[in-house]
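The values are calculated or read from the model by the stated rules, or taken from the named source; none is laboratory data. Keep in mind that what you see is a predicted model, and the values were worked out from it rather than measured. Methodologically, a virtual Cβ is constructed for each residue, glycine included, from the backbone with ideal geometry; neighbour enumeration extends over all protein chains shown.
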Amino acid sequence: MLATLNGLRRCSERRLVVYAGRRDRNGMKPLIANVLLFFTLVVFTAPAPAENIAVVLSSDAKVYQEALEGFREVVRHRVAGVQILEKNNPAGWQQQLKRIRSVIEPDLVFVIGTSALELVSGDIKNIPVVHTLAFNPISKQLTARKNIYGISVIPSASQVITLLKELNPKIQRVGTIYDPSRSGLLFSEARAIFRDKGVQLVGKEIRSAGDIGAALKSLEDEIELQLLWPDEKYLAEDILQRFLLFSFEKRIPFLGLSERHTEMGALVSLSYGNAKDMGNQAGELVNRIFGRAADLPAPVTVPRQIKLTVNLKTARKLDVKVPDSIIRRADNAVKPPVYKDGDWWVFRIKMTDRNGTTKSEIHRVMFNKGHFTSDDPHFLSGGDIPGTPYFLPFASVYVSDPGRRWLDFPLVAGKTWSFRYRVRAGGFAGGPRFSYKPVNASAEVVGKASHPIETPAGKFPAIEIGRTDNVGGIVGGVLAYYYSPQSQSVVKLRAQTYGYEKEEYLLELVAYGDSGNSGKDARR
């Protein structure tokens, strides 16, 4: 098709020259020549019709659909058909591919997922194939082919070793398990890159899952960190659990390939940023291929967005110090809010005393000229006299006062911190005058809430913080609260005090907004 279109373009150029060169006896171009010139220009120099693209997905998984959405946003050519492989019928995949090729006659095939790549790469050799979200794209079979390009699902070996050196500048030996028949070329390339950085990549070859136990056993005295090899055969839940169990038993940190691996117990993980951008990147590559770009990239390109996640609970168990530089840029760490003049929040507090009596209070907080104000300043200070709380300081908005450090950004699961405030004691009728006692508060980020937190202001994705306040070595109060980046505030808090004043508190976000609304039209 492209050759035919190029021929038409050459033909149009010749015809334009002929018509433009004819003149009448007086040396003037005849009107008919001008008309013909006009129509020739319209017919033969119009944009060439877009090439046909067939898309093959390994399944209808959400992540694959997101990649396809990103691809459609960017590609300038016609997606003529989409084929989703039937998960339970691999025997029929060849027939599905044959059907889509006969109906569409594609000029290029875009594949999403490993199964789709393995199917298409083994069958299509005469037109370009572009892939994404596929493991093991670097193999002798694929790299020898000149028609296959793709966006890797994993970061480069250079990016991995750079992170590991930042995590531990003295690291010397990193271990992994891999199947040479599937990843031999990729391992050789990674080992050379690691060697250039002064780190030995120790690889143990296996052929099946049954070899994993012996391979791990042989690594335990040789390595300082375990690297999960990018191969789909190692991503099954039971195999991942074996790797993580080895990590905790032998106190060897584990580097994963996704945020899910971090949540399961990997110390850190590096992965692609998001599926939609992977589709965007693939669409841009297709545009370059059809545009006959002279500078096409290598057969496999690394994702341009890399996601870094960290698990500080694992770090504490393994007694590993994760540098602040990694924590600050971790994608699973909640960053500090940026407040603007006019931002406001309305909170409701319900208090139940030891007699079961309940009362409620409404507190409005505003941010203006770089400071927070409230209709009741004691709500922000946590006490009846500013700076000298007589009850538990409630977490609401983020303030940098060391005595109100109920939030300590960035927030990431496993992070701990402590702060001190003063509590007023005494002052009861007939008793001694009041005095102030120091309270030591210890907080920890529990992790992402398992479900959206419901409040009068709506439902919010949030991260949970637990806190214990001790007075003179005795627990004075226990709090659990949820911070949401959406509202840039705590959206719910539960607290219980002990000792003489046994009380329970419930704080909830009622409404929030900015200078663009008054409070009646709170954003939700």
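General remarks:
Residue-by-condition table, conditions (1) at pLDDT below 90; (2) touching a strand residue (DSSP E or B) at 6+ places or on another chain (Cβ under 9 Å); (3) at positive phi; (4) assigned to a helix (DSSP H, G or I):
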site: Ala3; (1), (2), (3), (4): yes, no, no, yes
site: Ser59; (1), (2), (3), (4): no, yes, no, no
site: Tyr64; (1), (2), (3), (4): no, yes, no, yes
site: Ala80; (1), (2), (3), (4): no, yes, no, no
site: Gln95; (1), (2), (3), (4): yes, no, no, yes
site: Val111; (1), (2), (3), (4): no, yes, no, no
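- Filtered by the rule that a residue be without any contact (Cβ under 8 Å) to a residue 60 or more places away in the chain, under 16 Å from Ala443 (Cα atoms) and more than 29 Å from the chain's Cα centre (by Cα), the stretch 477-515 gives Val478, Arg494, Gln496.
- Note on the stretch 274-380: enclosed helices (runs of 4 or more DSSP H) holding 3 or more residues that are in contact with a helix residue (DSSP H, G or I) (Cβ under 6 Å, 6 or more places away or on another chain) and farther than 30 Å from Thr455 by Cα are 275-290.
- Checking each residue in the stretch 228-244 for being modelled with pLDDT of 95 or more and not hydrophobic (A, V, I, L, M, F, W, C) picks out Gln241, Arg242.
- Search result, residues across the stretch 467-524 that are among the aromatic types (Phe, Trp, Tyr), modelled with pLDDT of 90 or more and farther than 19 Å from Arg404 by Cα: Tyr512
- Among the residues of the stretch 450-508, those that are among the small types (Gly, Ala, Ser), crowded, with 16+ Cβ neighbours inside 10 Å and in a strand (DSSP E or B) comprise Gly458, Gly476, Gly477, Ser484, Ser489, Ala495.
- Selection of the stretch 179-193 for residues being more than 27 Å from the chain's Cα centre (by Cα) and of a type in the set (S, T, N, Q) yields Ser181, Ser188.
- One residue stands out in the stretch 426-445 among those that are surrounded by fewer than 16 Cβ atoms within 10 Å (Cβ to Cβ) and in a strand (DSSP E or B): the one that is modelled with the lowest pLDDT, namely Ser435.
- Of the numbered criteria (1) crowded, with 18+ Cβ neighbours inside 10 Å; (2) at pLDDT below 95; (3) hydroxyl-bearing (Ser, Thr, Tyr), the one Ser247 fails is (2).
- Scanning the stretch 396-416 finds one or more residues that are assigned by TED's automatic domain parsing to the domain that holds Gln486, modelled with pLDDT of 80 or more, in contact with a Gly (Cβ under 8 Å, 6 or more places away or on another chain) and among the hydrophobic types (A, V, I, L, M, F, W, C).
- Residue match in the stretch 241-260 (condition: more than 20 Å from the chain's Cα centre (by Cα), within 20 Å of Leu163 (Cα to Cα) and small (Gly, Ala, Ser)): yes
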